[in-house]
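> Below is the structure I would like to discuss, written out as structure tokens.
Since every read-out is calculated from the coordinates, none of them should be taken as a lab result. These figures come from a predicted structure and were not determined experimentally. When we count neighbours, we look across all protein chains shown, and the Cβ atoms used for this are built from the backbone with ideal geometry, even at glycine.
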Amino acid sequence: MFVLDAVMALLAWPLVLAWMLATPGIDQHLARDWIAPALLYPAEMLLCFYALGLYRRDVVLETRKALGRLPMVLGLGGLTAMIAGKLLTRMIDGWQEPAHATLLFTAAVGCFGISAVAARLLFRSLRRYRLMRLNLLVIGAGARAWDLVWMLRKEGRYLAYEITCLHDPSYGPIDPRLRDDPTVTLVTATSSLLDEARRLNASDIVVAPDERRGMDLEALLACKTAGFMVEQYLSFVEREIRRVDLKRMELSWIVYSEGFQVSLLDRALKRTLDICVSLVMLTIASPVLLLAMVAIVIDDGWPVLYRQTRITQDRRHFSILKLRTMRRDAEAGGAVWAASGDDRITRVGHFLRRSRLDELPQLFNVLRGDMSLVGPRPERPEFVHELTEKIPLYNQRHMVKAGLTGWAQVNYPYGASIDDARSKLSYDLYYVKNYVMWFDVIILLQTARVVLWPSGVR
């Protein structure tokens, strides 16, 4: 989808610029002043398309949802490009702010809006002709193979998969859900594995039998040396679904697979990003923060800030800051999970939670070093003790600082139960295991979507 958007935009935008420069009343000498905006608009538009979720699986699958979000995305993309252009003209000598900036903005919004609609209609046609599918050869047809099929349908990076499950009696019984699924092809291991992979033109071979004793490793090696990608079930799930499957987690896989290492350079860059972004955000958001505090006082009196003990890196306790969204006696009976439709939340609190404005004071926690902009969300000590006893590997999320936002937050709705904590942990472990500096940038960009279109806020 991103490639289609980029190609459509790069084809249409030069034509629009050429048409505008040929319009009577436009001074041809102004063309030089349009160079920077001409480059900024497509870059900012595509960045906003990504940040605001137009490439997420659910939005790509539902064209109506994508088109519904498009006007806001186009407006924000054009606005940020216009602001960036004004800043550049002030920072770089010799660059002048282009005349007819409003006309340029209008043309960009129209151009990229039409190209985005065209790209999505073309994408839907390509899907209809089954041109965007991944061929998978899954070794095994048991419960583990069914779990893989189910997760790929809901969360896979590709929109469709051609899945063939290779069954052998030594792998265990066939899962009846696979046998009854018309979209999955079941074959019996009668020929060599390499011949089967060649026949199917398999993109990946996923090793996912319920019983792995007696696996023919030489056959797998023959496939690997022939150029086929051969992966274990857990490694494939991690790569394709971008989380760790806790249901079938094996400690040996965690120990021997790559990850859980952060370089000194990444640590230094992460801290630099935390400080710079927090200062900028506090400067920009300070008027909104003051208005929110006034609204809290008018609605429910003092105090406006809420302090609560949370746990961060290495299980260190710290006092988190939030705007108060609940009644002052909300936890008179002790700590409890927030519930859907919680009657302890004030009228102003509902708005602050839905808009995420109640989280703004945590930027001071980031500046102090208690938190990072990106990381697993900090939990209360009472809940951490309970979750550590009931969920394996829960403590591993404390290898990094707690975050204002995180991989779980941009992929999973608000969670306030043990089951939710287990689901969120699968994303937190993926983040901790695969951390690099650019991962933080990606998550920060996607957080804009969560703020604009919140889901599951309580």
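> Just want the answer: with Cβ charges of +1 for Lys and Arg and -1 for Asp and Glu, which residue in Leu220, Met281, Leu193 is farthest toward the dipole's positive end in the chain?
Farthest towards the positive pole: Met281.
> Right, something else. With no solvent and one equal point scatterer per Cα, compute the Debye intensity ratio I(q)/I(0) for the range 134-241 at 0.19, 0.23 Å⁻¹ and report its log10, rounded to two decimals.
-0.92, -1.42
> Dipole size in debye (nearest 20) for the chain around its Cα centre, Lys and Arg Cβ +1, Asp and Glu Cβ -1?
That gives a dipole near 720 debye.
> Turning to a different aspect of this structure: How far apart, in nm, are two points set 7 Å out from the Cα along the Cα-to-Cβ line at Trp19 and at Ala285?
According to this spin-label approximation, the distance is 4.0 nm.
> Right, something else. Put +1 on the Cβ of each Lys and Arg and -1 on the Cβ of each Asp and Glu in the chain; which of Gly259, Ala43, Tyr158 then has its Cα farthest toward the positive end of the dipole?
Value: Ala43.
> With both partners inside the chain, how many of the DSSP beta bridges are antiparallel, as a percent to the nearest 5?
The antiparallel proportion sits near 25 percent.
> Return a whole-number percent for the relative contact order of the chain, with Cα pairs under 8 Å and 6 or more residues apart as the contact set.
Relative contact order here is 13 percent.
> Also: Mind checking which lysines have their Cα closer than 20 Å to the Cα of Lys322? Skip sequence neighbours fewer than 8 apart in that chain.
Lys401
> With contacts defined as alpha carbon pairs under 8 Å and 6 or more residues apart, what's the relative contact order of the range 264-452 in percent?
The normalised contact order for the range 264-452 reaches 22 percent.
> Mind listing which GluC sites (Glu not before Pro) in the range 140-223 are in a DSSP loop and have 16 or fewer other Cβ atoms within 10 Å?
Those satisfying the criteria are Glu211.
> Going through the DSSP H helices of the chain, which span 20 Å or more along their own axis at the Cα atoms while scoring at least 1.6 as a mean Kyte-Doolittle hydropathy?
2-21, 437-452
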